[in-house]
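In what follows, a single structure is set out as structure tokens and then discussed.
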Amino acid sequence: MNYRDTPYFSVGRATDLSGMDRVIYRWLERLPGILSLGTIIFIIIISYTNPTFAALFIIIFDLYWLFKTIYLSMHLRYNWKRMKYMLARDWDPLLANLKYDHLVHMVILPFVNEGREVVEKSITSLLDAKWDSKNIVVVLAGEERAGETSRALAMEMVEKYGKKFAHFLYTAHPAGIAGEMVGKGSNIAYAAEQSRLLVLDPMRIKYTDVIVSAFDIDTVVYPNYFKCLTWNFLTVPDPHKTSFQPVPIYNNNIWDAPAFSRVVAMSATFWQMIQQERPERLATFSSHAISFESLYKIGYWQKNMVSEDSRIFWNLFVAHDGDYSVVPIAYPVSMDANLDDGFWLTMLSIYKQQRRWSWGVENVPYLVFACIKNKAIPLHKKLRAVLTQVEGFWSLATNPIMIFLLGWLPLVLGGRLFRTTILSYNLPIITGYIMYFSMVGLILSALVAFSFLPPRPPTHKKRHSIYMALQWVLIPLTITIFGAIPALEAQTRLLLGKYMGFWVTPKHREIKNV
Amino acid sequence: MEPLSNKKRRLYFYTYLIVFLALLPVVVLFVQGYRLGTGFSMLRVGGIYVGGVDSDVEVYLDGTRQENLKSLKRGFFVESLAPGTYSLSIKKEGYSQWDKIVIVVGEKVVEAYPLLTPLKIEMVNIPKQVESEGGFFSSATSTSFVDNEVFAEVSKLFEQGTTTQSIKRQRVTIWSEGASIKYRWEDDFSTVFPALCGYQNCIATSTVYVAKENINRVGFYPERNDVVLFSLSDGVYAVEIDSRSPQKIVQIYSGKNPDFRVEDDEILYIKEGEDIFQVEI
């Protein structure tokens with residue numbers, strides 16, 4: 001029996017299972033939290049009981065972090081060059097030798113109650129793309145619970161843009177369907193099925209010919225997105241065993257967002273750029289593309305969990321017994337940085353968004369459990385996938401805290417004898433040097449970020465460009481407050497069984513900048 | 001343009017790994033004070049930390065000014081010193097020089113908190129009465145005086161406390177017994193400050209200083225719990241608890257049977273007869 005036909009395939013949390021399966025899954029849910037909290041508690045304890053060991057551990061860890069930063073920066077720099085190349089590339093000669101007329105692009109835009117300027121900008125960017133819009137099916141995936149205003153806006157969009165695409169479908173995901181969690185996954189899964197019933201089947205379009213771009217409502221495509229995606233789709237060995245990952249750049253409102261929001265958003269972009277050069281570690285994130293055939297075979301995105309964007313990759317990975325991959329297309333899509341009404345609401349929004357992204361840790365128990373149950377996945381693939389995921393979430397939750405907060409702990413808890421050792425004096429000096437060298441990498445970050453900035457709006461003064469460079473000194477704060485802490489909260493919630501629901505990031509733009 | 005090739009990534013990864021592994025023992029040994037001595041022998045160095053001083057002080061070791069100092073907390077760290085005995089001097093323009101003989105041992109850092117006092121200590125007399133600011137009916141040609149509220153407030157400080165009581169601050173208690181000044185550490189030695197511990201052993205109770213006559217009063221120096229103020233019949237003095245040679249003792253005030261008080265651990269007042277002075281140290 002294929003794994004996708006087992007009851008384990010669509011498990012959202014331990015409570016969906018019973019008996020020993022439930023016990024095992026529950027312990028796997030606890031695993032990331034135990035590892036992360038255990039690491040922090042371990043350092044606190046050894047700082048008191050064996051400060052010499054703790055100090056050496058911290059210095060070695062800082063050194064490891066420095067080398068890791070250099071290694072990852074190299075990937076960032078390469079992807080920056082590659083993305084620049086992809087943006088400037090002439091795709092027509094490449095596509096000229098390929099047959100692609102049969103392909104249909106389906107773009108799913110899930111929305112709840114976002115404003116007209118957000119929705120319309122995403123739709124018009126599809127029209128502005130260098131691709132025949134009569135070959136694009138747009139699915140505006142609304143929520144019934146969002147009410148009449150949302151529906152009216154959707155109908156207005158259908159009226160205004162409907163005839164400009166191959167098809168423009170509005171779907172309203174019904175509220176209160178048993179077994180579903182309110183969120184993007186259940187919405188776009190419903191939208192995909194409706195588009196099959198109402199568009200693909202009546203128009204006799206083969207599922208294998210449809211490339212689905214599952215976007216957020218604020219996703220704005222760059223001109224050659226569809227050409228780049230089509231070329232990748234047609235040139236990979238098996239497009240139905242492949243997902244396609246663009247690079248999310250949070251540029252739409254970058255000049256309006258506060259510095260903290262910009263740094264967090266650009267850091268997320270940088271991480272995705274780094275991962276693009278490490279495809280074996282890449283899972284789909286945020287806006288991504290998949291063949292409709294692949295989606296249909298597994299029943300679309302999972303409807304009973306939060307992190308549908310990455311889970312869809314793991315669903316397909318275990319369904320194909322590990323024979324599934326992500327192709328990083330090194331081509332950007334533009335999205336919104338966090339921006340709410342006022343500074344503190346924006347800070348809260350950033351935190352909640354980061355916590356939701358960190359809730360992707362719910363994929364760890366799913367993946368490990370699938371690796372236990374699905375014997376057909378090769379062992380080396382299981383090990384690589386599990387270790388990559390576990391290490392990723394552990395690093396996210398612990399590394400900034402270990403580097404920026406716990407580095408001083410042996411000095412505080414170590415006692416008089418330790419404080420009179422040369423090691424105790426060297427600890428802040430050496431960690432300071434290592435941090436200093438690591439922070440030199442921020443110059444690279446600033447340069448990369450600058451190169452992707454949209455032109456400064458006339459409403460913003462020149463000094464805002466200087467702020468764009470200076471903002472990177474906030475990195476130690478942002479990766480701790482908006483990286484490690486929300487990740488720790490998410491893992492602790494999973495550890496305690498306090499499951500999270502889906503939180504919709506407010507999409508807000510200053511009208512003057514639209 | 002192809003993604004970064006696996007070959008290139010592996011090359012970078014293993015290069016960094018080798019450099020990391022090569023650096024690891026060097027860093028681990030270095031931070032613990034190991035250095036390469038003559039003839040490739042391993043030497044374990046120590047250091048000196050000079051705390052509680054500003055950046056404008058000069059640090060001398062065996063008469064040589066130290067240039068390669070690391071700023072740390074509020075002080076300086078002199079690192080990579082071979083084990084041995086050093087003559088440490090701290091100089092600051094306008095202040096009396098501070099000297100100490102320190103013994104540096106491998107792996108350890110000797111701490112020193114210099115007592116730097118101005119060569120010319122400023123005394124501000126607090127007048128008993130001050131000129132009246134005048135009112136609506138005051139004459140422009142005559143001057144009237146009123147009692148100074150500051151003087152009255154400071155006078156109250158001198159009415160408090162007995163001369164023999166012990167004083168405790170941050171786990172250190174000091175008191176006088178005849179001509180002796182004593183201290184007691186009120187906690188375990190895991191958190192004791194270095195002045196009480198000398199080079200090896202910490203002493204819970206000991207004599208700080210024996211004066212030439214009975215001591216009238218003891219108290220802590222402003223913002224220091226390792227320096228004791230005491231008054232004799234001929235003046236007010238400050239002495240370090242740190243008994244490492246030479247123990248610095250400074251006369252703060254010269255006069256006849258002066259008394260002193262420290263307000264809020266910040267301001268030193270000295271009273272002689274009916275006069276009260278605020279002392280700038």
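The values are calculated or read from the model by the stated rules, or taken from the named source; none is laboratory data. For clarity, every value in this text was computed on a predicted model and none was experimentally measured. Note: ideal-geometry Cβ built from the backbone for every residue, glycine included; neighbour counts use all protein chains shown. Side chains are part of the model used for accessible areas, which takes the heavy atoms of the whole protein and leaves out ligands, DNA and RNA. Shrake-Rupley method; radii C 1.70, N 1.55, O 1.52, S 1.80 Å.
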Among the residues of segment A:369-414, the number that are within 14 Å of chain B (Cβ to nearest Cβ) and closer than 30 Å to A:Ser325 by Cα is 1
Screening B:Phe137, B:Phe77 for residues that are within 14 Å of chain A (Cβ to nearest Cβ) and at pLDDT below 95 leaves only B:Phe77
Residues in segment B:48-95 that are of a type in the set (Lys, Arg) and over 22 Å from A:Thr421 (Cα atoms) total 3
On the basis of being in a loop (DSSP other than H, G, I, E, B), open to solvent by 40 Å² or more (accessible area, probe 1.4 Å) and either away from chain A (no Cβ under 11 Å) or out of contact with any Gly (no Cβ under 7 Å at 6 or more places or on another chain) (or both), does B:Lys120 make the cut? yes
TODO: Say whether the condition of being buried (at least 22 other Cβ atoms within 10 Å of the Cβ), small (Gly, Ala, Ser), touching a residue at least 12 places away in the same chain (Cβ under 8 Å) and over 21 Å from A:Thr235 (Cβ atoms) is met by at least one residue in segment A:328-346.
DONE: yes
Reported set for segment A:8-25 where residues are surrounded by 14 or more Cβ atoms within 10 Å (Cβ to Cβ) and farther than 21 Å from A:Lys303 by Cβ is A:Ile24
Taking segment B:27-41 and keeping residues more than 22 Å from A:Phe418 (Cβ to Cβ) and of a type outside the set (Ser, Thr, Tyr) leaves B:Leu36, B:Gly37, B:Gly39, B:Phe40
*Residue check: is A:Asp340 in contact with a Phe, Trp or Tyr (Cβ under 9 Å, 6 or more places away or on another chain) and among the charged types (D, E, K, R)?*
no
Expected single match for open to solvent by 40 Å² or more (accessible area, probe 1.4 Å), of a type outside the set (Val, Ile, Thr) and assigned to a helix (DSSP H, G or I) among A:Leu98, A:Leu35 is A:Leu35
When segment B:39-54 is checked residue by residue, the ones that are farther than 30 Å from B:Asp99 by Cβ and not aliphatic (A, V, I, L, M) are B:Gly39, B:Phe40, B:Ser41
query = Condition test on A:Tyr85, is it closer than 21 Å to A:Met439 by Cα, open to solvent by 50 Å² or more (accessible area, probe 1.4 Å) and at the interface with chain B (Cβ under 10 Å from one of its Cβ atoms)?
reply = no
Any residue in segment A:304-327 that is buried (at least 23 other Cβ atoms within 10 Å of the Cβ), modelled with pLDDT under 95, closer than 25 Å to A:Phe502 by Cβ and small (Gly, Ala, Ser)? yes
Of (1) within 14 Å of chain A (Cβ to nearest Cβ); (2) closer than 18 Å to B:Asp242 by Cα, B:Pro83 fails just (2)
In segment B:73-106, anything open to solvent by less than 60 Å² (accessible area, probe 1.4 Å) and not in a strand (DSSP E or B) is listed as B:Ala82, B:Lys92, B:Gly94, B:Ser96, B:Val105, B:Gly106
So the strands (runs of 3 or more DSSP E) completely within segment B:1-72 holding 1 or more residues that are touching a helix residue (DSSP H, G or I) at 6+ places or on another chain (Cβ under 7 Å) and surrounded by 15 or more Cβ atoms within 10 Å (Cβ to Cβ) are B:46-51
Note on A:Ile45: of the conditions (1) part of a helix (DSSP H, G or I); (2) more than 10 Å from chain B (Cβ to nearest Cβ); (3) surrounded by fewer than 19 Cβ atoms within 10 Å (Cβ to Cβ); (4) in contact (Cβ under 8 Å) with a residue 60 or more places away in the chain, unmet is (4)
Among the residues of segment A:415-433, the number that are facing another protein chain (nearest Cβ under 9 Å) and either open to solvent by 10 Å² or more (accessible area, probe 1.4 Å) or not hydrophobic (A, V, I, L, M, F, W, C) (or both) is 12
So the strands (runs of 3 or more DSSP E) completely within segment B:240-281 holding 3 or more residues that are surrounded by fewer than 18 Cβ atoms within 10 Å (Cβ to Cβ) and not assigned by TED's automatic domain parsing to the domain that holds B:Glu223 are none
Only one of B:Tyr16, B:Tyr49, B:Tyr34, B:Tyr95 is at the interface with another protein chain (Cβ under 10 Å from one of its Cβ atoms), at pLDDT 90 or above and closer than 19 Å to B:Asp226 by Cβ, namely B:Tyr49
Practice item. Kindly establish whether A:His460 is of a type outside the set (Asp, Glu), part of a loop (DSSP other than H, G, I, E, B), away from every other protein chain (no Cβ under 14 Å) and within 13 Å of A:Arg262 (Cβ to Cβ). Key: yes
